[in-house]
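First the structure, in the form of structure tokens, and then the observations on it.
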Amino acid sequence: MTTGFTMTIAGEAVEGASTYDVLDPADEAIAGRAPVCSPEQLDQAVAAARAALPGWSTTPFEERRGFVLAVADAVEAQLEPLKHLLTREQGKSLDDAAGEILGFGYWLRGTAALSLPETVNEDSAERLSVTRRIPVGVVGAIVPWNYPLGNAGFKLAPALLAGNTVVWKPSPFTPLVSLRVGAILRDVLPPGVLNVVSGDAALGPRMTAHPGIDMISYTGSTRTGRQVMAGAAPTLTRVTLELGGNDPAIVLPDVDVEAVAEKLFWGAFANNGQVCLAIKRLYIHRDVYEPLKRALVDYAATVRTGPGTEAGVRLGPVQNRPQYDRVLGLLHDSQDHGHTFALGGPPRNQHQGRNANGDRTGYFVPLTLVDNPPEDSRIVQEEQFGPVLPLLPFDDIEDAVTRANAGEYGLGASVWSADQEAALAVGQRLDAGTVWINEVQHLTPDVTFAGHKQSGFGSESGSEGLLEFTTPRTITVRRGGAPTALLPTT
Ligand code: NAD
């Protein structure tokens, strides 16, 4: 067990009012003990962020850019210890953990290259009018457990660059790397600019309702997103919501089956399917349905699963017990309804994370391909967020588009074809914030992504994502006599 985790408030290490055990999902051993932030400590974190706001928001943009780059350097310098800690608390392979930490640095650097716009509305003898973007204030960053650091980077980089101060709350299931990063950054950022708090299920709702927080930047499930919005309503706190998805991929009949199988596999199963933008419904033209199904099964057999700490393992356990139970529940529902499993299915000798002898087994779910379940089944209609994928044949592209666009989500989608134009024509009809042709999950810090329908609102990344952390301020000067110069920028 790794010990010594503290919160970061006003640049200082702070013990919790109590602690709780964070479990390693591979064996349910204690990975570390995390502090539980009391209501008073949350008040202190918010007060520290507010106290730091005047200084940080008026720090010149170029200097803030330098701080964001320094954050990236400081975190990457700790790659080795952080990657082991991330694997222990999250379950992903060590390579994937390293990728997430380096991705955090990449995201911060890419975001630091962005700028805020300034509009000169009028510059006449009579009047000077300029609209600038100023920070929103104190941002509450609420993050899920699938990419504890990656998802945080999407928020911290633009929030800090734009001049906001932050209270960062990781998921209770994966607080350790975030707490460690908070500790690393005590020497990098001015006190109070970034505060890191951890705790139980009460902490998130307390943040959304906190009158000292000006904006909640939330990533997580659609169900919780509704609660966040309701919690923020009394204080009219601004929210951005990056929520769930049930992304369709449509495979046209002209694909090179062998070539796409590997890409589709990782599009669905990377991070054990625990990706908001994972392929979660695979619509395959009937002409290539059987060969592609076989190719996916064959490819899956080459992928080693097990504890993320073991050499050669590419996919680990599901991250936590409630999610494990949920994914097994979906598999049992499929089994009960007589669905065919082309691969996997509910584990035979494993129930509730224990084997027949009652030993703890960790939250391992077999890689599963469900062969043509009914469109209205739970495995198709619900976001699985685990290593489970329904394969769905179609004959007519109109039917595939209609099925792909059905449902409450609209996060991502992809179309796969040898004919780029044909794929594009289909892709433009899909109701999703991001549509890929012949690839999936390709994200960069300069490109905006946003959910349609109940996948959320507001955006992250790119210039639009940066603007979310700002609010416009127009200053108008009625000129009389000597012309007023343009106002100084901060
Ligand atoms: P979750 O909604 O259970 O929790 C997310 C975070 O919200 C956690 O930090 C949690 O403690 C906090 N929280 C819980 N209840 C709260 C409340 N009432 N008020 C404020 N905060 C609260 O989500 P999860 O299970 O951690 O994450 C999985 C979900 O996240 C999936 O649906 C996935 O698709 C989604 N996700 C979306 C994106 C995106 O960019 N759209 C990215 C990653 C994950």
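Quick check: the angle from helix 94-112's long axis to the longest principal axis of the chain, C-alpha only, nearest 10 degrees?
30
Cβ under 14 Å from Val257's Cβ, Val257 left aside: what net charge do those residues give with Lys, Arg +1 and Asp, Glu -1? If you can, show how the numbers build up before the last one.
Working: positive: Lys263, Arg286, Lys293, Arg294; negative: Asp254, Asp256, Glu258, Glu262, Asp287, Glu290, Asp298.
Net charge around Val257: -3.
Based on DSSP H runs of at least 4 residues, each adding -39500 (n - 2.57), what is the mean residue ellipticity at 222 nm of the chain after dividing by all its residues, to the nearest 500 deg cm²/dmol? Walk me through the numbers on the way to the answer.
Working: 15 runs with 178 residues, N = 490.
Result for the chain: -11000 deg cm²/dmol, rounded to the nearest 500.
Consider just the alpha-carbon atoms of the chain and return their Rg together with their Dmax, both in angstrom.
For the chain, the Cα-based Rg and Dmax read 23.8, 89 Å.
How large is the Kirkwood hydrodynamic radius of region 248-437, in angstrom, based on all distinct alpha carbon pairs? Write down the numbers at each step before the final one.
Numbers: mean 1/r = 0.0590 Å⁻¹.
For region 248-437, inverting the mean 1/r across all distinct Cα pairs yields 16.9 Å.
Over region 248-437, what percent of the accessible surface lies on carbon and sulfur atoms, probe 1.4 Å? Working shown, then result.
Values: 3640 of 7680 Å².
C and S atoms contribute 47 percent here.
Using 7 Å Cα-to-Cβ label points, what is the Ala17/Asp333 separation (nm, one decimal)?
Between Ala17 and Asp333, the simple spin-label model gives 3.7 nm.
In terms of Cα to Cα distance under 17 Å, which lysines are near enough to Lys263, apart from those fewer than 8 places away along the same chain?
Lys280, Lys293
Place a point 7 Å from Cα of Arg473 in the direction of its Cβ. Which residues in region 220-262 have their backbone N less than 18 Å from it?
Counting backbone N atoms under 18 Å from the label point, the list is 238.
Quick check: residue separation of Ala233 and Glu80 times 0.36 nm, minus the Cα distance between them. What number comes out in nm?
On the way: separation 153, 0.36 × 153 = 55.08 nm, distance 4.19 nm.
Between Ala233 and Glu80, full extension yields 50.9 nm more.
Give me the percent relative contact order of the chain, please, defined on Cα pairs under 8 angstrom at least 6 residues apart. Don't jump to the answer; show the numbers that get you there.
Values: 1121 pairs, mean separation 93.9, N = 490.
Answer for the chain is 19 percent.
If I fit a long axis through the Cα atoms of helix 321-336 and take the longest principal axis of the Cα atoms of the chain, what angle between them do I get, 0 to 90°, rounded to 10?
Rounded to the nearest ten degrees, it is 30.
For region 443-451, in order, what is each residue's ³J(HN,Hα) by Karplus, 6.51 cos²θ - 1.76 cosθ + 1.60 with θ = phi - 60°, in whole Hz (x at glycine and Pro)?
For region 443-451, the Karplus curve yields 10, 9, x, 8, 10, 6, 10, 7, x Hz.
Can you give the accessible area per residue of region 248-437, in Å², using a 1.4 Å probe? Write out the running numbers ahead of the final one.
On the way: 7680 Å² over 190 residues.
The answer is 40 Å² per residue.
Return the aspartates and glutamates within reach of Lys155: Cα separation strictly under 13 angstrom, same-chain partners fewer than 8 residues apart disregarded; answer none if there are no such residues.
Filter leaves Glu242, Glu460, Glu464, Glu468.
Compute and list, largest first, the equivalent-ellipsoid semi-axes of region 1-111 from the alpha carbon gyration tensor, each √(5λ) rounded to a whole angstrom. Walk me through the intermediate numbers first.
Values: eigenvalues 154, 106, 16 Å².
They are 28, 23, 9 Å, listed from largest to smallest.
On C-alpha positions alone, give me the angle between the axis of helix 79-90 and the longest principal axis of the chain, in degrees, nearest 10.
It is inclined by approximately 60 degrees.
Any idea what the dipole of the chain comes to, in debye rounded to 20, about its Cα centre with Lys/Arg Cβ at +1 and Asp/Glu Cβ at -1? Please list the in-between numbers first.
Numbers: 39 positive and 56 negative charges, 298 e Å.
I would put it at about 1440 debye.
The values are calculated or read from the model by the stated rules, or taken from the named source; none is laboratory data. What you see is a predicted model; the values in this text were computed from it and never measured. With ideal geometry, Cβ positions are generated from the backbone for all residues, glycine too; neighbour counts draw on all protein chains shown. Protein only, heavy atoms only, side chains kept; ligands, DNA and RNA dropped before computing areas. Shrake-Rupley method; radii C 1.70, N 1.55, O 1.52, S 1.80 Å.
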